[in-house]
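To keep things clear, I will list the structure first and then write my remarks on it.
Quick note: the coordinates plus some simple rules give every number you see, no bench work behind them. Since the structure is predicted, the reported quantities are computational estimates derived from the model, not experimental observations. For neighbour counting, all protein chains shown are included, and Cβ atoms are generated from backbone atoms with ideal geometry for every residue, glycine included.
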Amino acid sequence: MCGIVGYVGSDQAAPILLDGLARLEYRGYDSAGIAVVSENKELQVKKSKGRLQVLSDIINGGKSVEGVLGIGHTRWATHGEPNDVNAHPHLSQDGKIAVVHNGIIENYVELRDFLKAKGYVFQSETDTEVVTQLLSFYYAEDSDIFNAVFKVLRRIEGAYALGIICADCPDRFLAARKDAPLLVGFGEGENFIASDVTAIIKHTREVAYMEDGEVAVISAEGVSFYNIMEQPIEKEHSTIDWDVSAAEKGGYAHFMLKEIMEQPEAIRKTAFSRIRDNKVFFEDLSIGAEYIKSISKIYIVACGSSYHVGMVGKYNLERMLRKPVEVCLASEFRYCDPLVDDKSLVIVISQSGETLDTMAALREAKNLGAHILSIVNVVGSSIARESDDVIYTWAGPEIAVATTKAYSTQLVLLNMLGMYFGDILGTLSKEEYDAIMGELLLLPTKMEKMLEDIEDIKHFASDYFNHSSVFFIGRNLDYAMGLEGSLKLKEISYIHSEAYASGELKHGTISLIEKGTLVIALGTYAPLFDKAMSNVVEVQARGADVLALTTESNVSEMRKTVENVMTVPESHTIFQPSLGVVPLQLFAYYVALLRGCDIDKPRNLAKSVTVE
Ligand code: F6R
């Protein structure tokens, strides 16, 4: 979604802004722009539809824009089509104020009518321009941009992260936040704002996360923070524990491939620091044993791949805890009058920690009295902050839009939570617990071995990349894993793909299977391997071209029926999807590569979906 970066210091601002925006490209955008104030109080706005490179070419990599203070933006269109005029920053009618904005101003129509009646003429179709003109309206009253910002914040409704510069103040700019991420970065004689730390990590790892209702005034010398009552406040500084190399490709052709390869290490980091003497510990959790025992139902709420983690989690947690687990799409949960109460545990899963639907579901569940435990990757994100408990995945920055390492670390953590709760509830025997733990400890090594030899997956990708429609079928954990395999394939290769519980196929969808239809048959869940085989035969009888995935011990059995088989090492059933998903990620990657797709930035998609 949209990205914001802001800079003030002694260096030329424009190249720094362009570099920051380039690091936010992964989030998805359709236009980009910057605004810079020069020392002689001239405000220059440069913006363009399309890739950042177009803007960069127009301004010679930023060199042709003078000034040491500026703001930049990558836009993902909501109000008005992607074009040069609707791109941010938006400039006020008097040419004095420029604004970049993430989020949506809900009462913009009413405010636009108010301003039109005062003689303001609007250039764009955006809600953001309303903020700019309203700022200009109030600035005209006393020429105090600080006052104008607070007056505007009292009138606008909705979600916003705002970066604001004023031509009359060439030494400072302002930022404000409500329901959209924004942080301030502290440097030596220079300071920054960004919607995502990757934009500024090259310059500083010391940051402060802005909270809702806060305003920051940023100059090269320092940053002052204020609450919505305009009172000065102190903010805690945090240090980011990864550096710029983590957000660079490091020799890989794509971030997605790099992140797939990083999975064993990410799992080690996520899991092993929470294991002592072969036991799982979540020391920071506030929920105690009594509360865990009193839970009547567990809800897992998430979107997209995070939801797919929940689908695997349902099977595993119900098995380990003997408590009902319901997995809910966040976008549905918030409107379904959920039967959540203070005996409910709501597990919220989100890589970004900013997904709007997930955030809204969290708030709904909290209002209903549930305890909220979130599994989040981005430290300090909104979901992390609003949860009663947060477990971080510590997967490092995930740049490719299609998630891989975040999915894998979420899955491992959810399973570990099952082990932890199962131990407290006494629903997991010691023998079973130890067996699961043994496999957890082996998981990264097994994954590493798989990633060392991926030639057969590349080969299958070259066999099948021209197919136009694919079905993933599987039962139980294979079905849950298939949902993720199918999403990976469709989102980056644009091949139509569906995942089905194999047993459900014959209730309608099997009518779509015809000669040459590609079916990816998942048979890694050992207890139902025979059933998986009979479904393979069923689709083959209708002419399907089958690519199978199974475990090493079942491969010879599978090969009796299917020629093309991908294999994964054996594990405990709990962790089998963690291994099985890896060839599916790689298959999607190589298919998309052969189809010439923009793998890290698939069309129409954004890394963090902060609109409804
Ligand atoms: C798919 C993908 C998305 C996200 C979804 C939720 O590869 O990445 O489906 O999983 O948008 O995002 P988070 O986890 O940030 O809430």
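Key figures for this structure:
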quantity	calculated
Region 506-549-region 465-479 distance, computed between alpha-carbon centres (Å)	8
Hz values of 3J(HN,Hα) by residue in region 490-497 - Karplus curve (6.51, -1.76, 1.60), Gly and Pro given as x	5, 6, 9, 9, 6, 8, 5, 8
Signed unit charges on C-beta, dipole axis of region 30-176, positive-most listed residue 50, 146, 119	50
Helix axis angle, 430-452 relative to the chain longest principal axis, alpha carbon, degrees	70
For the chain: relative contact order, % (alpha-carbon pairs under 8 angstrom, 6 or more apart)	12
Burial order of peptide ranges 33-40, 531-538, 386-393 (average beta-carbon count within 10 Å, highest first)	33-40, 386-393, 531-538
Set of aspartates and glutamates with alpha-carbon distance to residue 449 below 17 Å, sequence-local pairs under 8 removed	259, 262, 265, 439, 552, 570
Restraint check, 323/430; 323/446; 178/269; 202/488; 258/488, Cα-Cα greater than 23 Å	323/446; 178/269; 202/488
Signed unit charges on C-beta, dipole axis of region 150-225, positive-most listed residue 191, 210, 222	210
Extended-chain gain in nm, criterion 0.36 nm per residue less alpha-carbon gap, residue 563 and residue 188	128.8 nm
Overall form of region 148-229 per C-alpha gyration tensor (a/c, 1.5; a/b vs b/c)	oblate
q = 0.12, 0.15 Å⁻¹: log10 I(q)/I(0) that the Debye formula gives for region 454-522, counting C-alpha atoms only	-0.30, -0.47
Cα centroid of region 200-261 to Cα centroid of region 4-37, whole Å	14
At 1.567 mPa s and 4 °C, Stokes D of region 344-429 from Kirkwood alpha-carbon radius, µm² per second	97
Exposure proxy order (Cβ contacts within 10 Å, fewest to most) of 432, 290, 259, 125	290, 125, 432, 259
Semi-axis lengths (Å, descending) of the ellipsoid that matches the C-alpha gyration tensor of region 535-612	30, 18, 13
Relative contact order for region 464-533, counting Cα pairs under 8 Å that sit 6 or more residues apart, in percent	43
Projected label distance in nm at residue 540 and residue 339, using a 7 Å step from Cα toward the beta-carbon	4.4
14 Å cut-off, amide nitrogen to a point 7 angstrom out along residue 144 Cα→Cβ, residues in region 207-226	none
Rounded Å value of the spacing that divides the Cα centres of region 339-362 and region 70-134	32
Rg [Å, one decimal], Dmax [Å, integer] - the chain, C-alpha atoms	25.6, 82
Phi to ³J(HN,Hα) by Karplus 6.51 cos²θ - 1.76 cosθ + 1.60 over region 88-104, Hz, x for Gly, Pro	8, x, 9, 9, 6, 4, 7, x, 9, 10, 10, 9, 10, 8, 10, x, 9
Semi-axis lengths, Å, region 201-261, gyration tensor of Cα atoms, sqrt of 5 times eigenvalues	34, 13, 9
Rounded to 10°, Cα long-axis angle of helix 13-24 versus longest principal axis of the chain	20
Region 268-343: chymotrypsin sites (Phe, Trp or Tyr not before Pro) in DSSP coil with no more than 11 other Cβ atoms inside 10 Å	335
Charged-residue dipole, Cβ positions (Lys, Arg, Asp, Glu), region 451-539 about Cα centre, Debye nearest 20	320
Distance in nm between pseudo-label sites at residue 235 and residue 283 (7 Å out along the Cβ direction from Cα)	3.0
Listed residue (561, 4, 305) projecting farthest to the positive dipole end of the chain, Cβ model	561
Over region 120-229, relative contact order from alpha-carbon pairs under 8 Å, at least 6 apart, %	20
Cut-off 17 Å, label 7 Å out along Cα→Cβ of residue 206, residues of region 1-43 by amide N	8-10
Full-extension gain in nm, residue 385 to residue 157, via 0.36 nm per residue minus C-alpha separation	79.9 nm
Cβ charges +1 (Lys, Arg) and -1 (Asp, Glu), total dipole of region 155-212, debye	80
Estimated dipole of region 37-130 in Debye, rounded to 20 [Cβ of Lys and Arg +1, of Asp and Glu -1, Cα centre]	200
Nitroxide proxy distance, nm - points 7 Å out along Cα→Cβ at residue 509 and residue 598	3.0
Contour minus Cα-Cα distance for residue 40 and residue 227 (0.36 nm per residue)	64.2 nm
Using a Förster distance of 56 Å, the FRET efficiency for residue 448-residue 10 (Cβ separation, nearest 0.05)	0.75
